Amino acid sequence: MLPLEHIKKLTQKSPILKEIIALKPVTWLNPNKKTITSTPNFAIDKHDMLEAAKLWERFAPFFQKAFPETKATNGKLESPLRKIPAMQNLLKREGGEFQGELFLKCDNALPIAGSIKARGGFYEVLHHAEELALKEGLLNRSDNYSVFSEQKFKDFFNQYEIGVGSTGNLGLSIGIISAKLGFKVNVYVSADAKKWKKDLLRSKGVNVIEFAGDFSEAINSGREQTKTNSKAYFVDDENSKHLFLGYTVGALRLAQQLEKAKIKVDAEHPLFVYSPCGVGGSPGGIAYGLKQIYGDNVHCFFVEPTNSPAVLTGLITEKKSEISVQDLGIDNKTEADGLAVGRPSKFATAISKHLISGIYTIEDEHLYTLLTKLLDTEDIFLEPSATAGLIGSQKIAATNYAKENNLNMQKATHIAWATGGDLVPESQRKAFYERGLQIKK
Ligand SMILES: *Cc1c(COP(=O)(O)O)cnc(C)c1O
């Protein structure tokens, strides 16, 4: 923890930090948001995003062959965009006015990984595998990539190792895809990682290494140990360009779905997207991509647990990844898997700083009640963290954001990005649901 004098200075400069430190739910609007024509040059550009989309296309034949569940979509990994009117009505009854229409982007149903990590995590491993195979002369970019499921490729990749630090979902996605390609995989998990996730990983042939500390400590150890092997590659959630690029493709896909559904996004029809945020990679990549497509007509908000507001404190203090929530005496204890992060991604935060409209925080108990209500109204199961975006519209309606930006909220489209859930075992689902029932809100 920082010296109290230091914290006092920070809270004097940004009074909202006092509420954040007191673990109160807050809504923060980003004073540093730039218009799309005034954003600085970032470490990536639109061309990189389009190239990332092409990599996914090259690998489609591999997915078809290696993961039969992707045959029906020709090896494309995508999730539905669903309108959730019953949930919207419930939110309206309980929380007051709800302008516009509410949709759920169901990444809980992404094939294989059952979470948004299938976008970033898979992408980074595929990118690495392609690079190795090209270098070795095993592959041309014009080949049919179903060759990646051949024994020759598996034997080749088996000389190499992949390491990743994770509280769960990232480890699952990296573990599953790496093991399938033939890599040796080490997943370094933090103390709060759930037992069922560790068991599932081990059942896929992944080496799970457990640490007593939190997420950052698991990452640090993983990074150090991976460095000692010259044939090992570390997927670094705290500073990864490739993870970020993988997530940007999610924005391209969403834009295609909106177009197909004839949902307009323009100056008259604003688009609001609410994304659960851990290190800020997945929500950042999606925000970056959406901004490339829709410019100032899309409004991207992140959601963090009250006890793990890593990106929020990084942006408010402008120290980005140079500060952790623990520095401010915040405990980083939340049951929202994937969001239990004390320090933001350096790569992602440098970009998000200029693009996002704001961040709100939410209490764990609220995540559980939302989980229960969504299952009751729409028959959709999400893991607790993935529900965080559902109250976005009402959170923003309570601020002067729409007025300041002169937005026609009657014609707004709200998308809560549901980031995970399908791999949660049945017994856990019941426990989550009942917990939500018991909390009276
Ligand atoms: C990882 C994860 C997030 C957040 O992604 P970051 O890149 O860490 O910000 C959100 N929800 C779920 C379910 C996740 O697993």
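The values are calculated or read from the model by the stated rules, or taken from the named source; none is laboratory data. The structure displayed is predicted, hence computed values, not measured ones. For neighbour counting, all protein chains shown are included, and Cβ atoms are generated from backbone atoms with ideal geometry for every residue, glycine included. Calculation scope for accessible area: heavy atoms of the full protein, side chains included, ligands and nucleic acids excluded. Shrake-Rupley method; radii C 1.70, N 1.55, O 1.52, S 1.80 Å.
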**Fill in**
So K8 and Q438, fully extended at 0.36 nm per residue minus their Cα-Cα distance, gain in nm 151.0 nm
**Fill in**
Rounded to one decimal in Å, the inverse mean reciprocal Cα-Cα distance for the chain, i.e. its Kirkwood radius, is 21.9 Å
**Asked** What is the count of Lys pairs in the stretch 40-117 whose alpha carbons sit under 28 Å apart, if the two are 8 or more places apart or on different chains?
**Response** 22
**Message:** Probe of 1.4 angstrom, ligands and nucleic acids ignored: what's the accessible area per residue over the stretch 321-441, in square angstrom?
**Reply:** 38 Å²
**Asked** Of A179, A113, A348, which has the largest mean-square fluctuation in a 10 Å C-alpha GNM of the chain?
**Response** A179
**Request:** Check the straight Cα-Cα distances from K13 and name the lysines below 22 Å, setting aside those fewer than 8 residues away within the same chain.
**Result:** K24, K33, K34, K319, K320, K353
**Prompt:** For the stretch 88-247, what is the accessible area per residue in Å² when the probe is 1.4 Å?
**Reply:** 38 Å²
**Request:** Please report, as a whole percent, how much of the solvent-accessible surface of the chain comes from carbon and sulfur atoms (probe radius 1.4 Å).
**Result:** 48 percent
**Asked** What does the convex hull of the Cα atoms of the stretch 373-441 come to per residue, in Å³, rounded to a whole number?
**Response** 107 Å³
**Asked** How much mean residue ellipticity at 222 nm does the chain get from its helices, if each DSSP H run of length 4 or more adds -39500 (n - 2.57) and you divide by all residues, to the nearest 500 deg cm²/dmol?
**Response** -14000 deg cm²/dmol
**Asked** Can you give the net charge of the other residues whose Cβ lies under 12 Å from the Cβ of K197, counting K and R as +1 and D and E as -1?
**Response** +1
**Complete:** So for the stretch 188-228, using the alpha carbon gyration tensor with a ≥ b ≥ c as root eigenvalues (a/c under 1.5 gives rounded; past that, a/b versus b/c decides prolate or oblate), I'd call it oblate
**Complete:** Residues other than A310 with Cβ under 9 Å of its Cβ, Lys/Arg counted +1 and Asp/Glu -1, net out at 0
**Prompt:** In percent, what relative contact order does the stretch 138-227 have, based on Cα pairs under 8 Å that are 6 or more apart in sequence?
**Reply:** 29 percent
**Asked** So what is the relative contact order of the stretch 243-353, in percent, for Cα pairs below 8 Å that sit 6 or more residues apart?
**Response** 29 percent
**Item:** Amide N of the stretch 321-348 lying under 13 Å from the label point, which is placed 7 angstrom from the Cα of N220 along Cα→Cβ
**Value:** 324, 326-327, 342-343
**Fill in**
the chain, Gaussian network, Cα under 10 Å: of L77, L243, L90, the residue fluctuating most is L90
**Message:** Under the rule a/c < 1.5 gives rounded, and otherwise a/b versus b/c splits prolate from oblate, where does the stretch 266-422 land using the Cα gyration tensor?
**Reply:** oblate
**Complete:** Across E363, E101, E69, the residue with the highest GNM fluctuation in the chain (Cα network, 10 Å cutoff) is E69
**Fill in**
Percent antiparallel among DSSP beta bridges confined to the chain, rounded to 5, stands at 15 percent
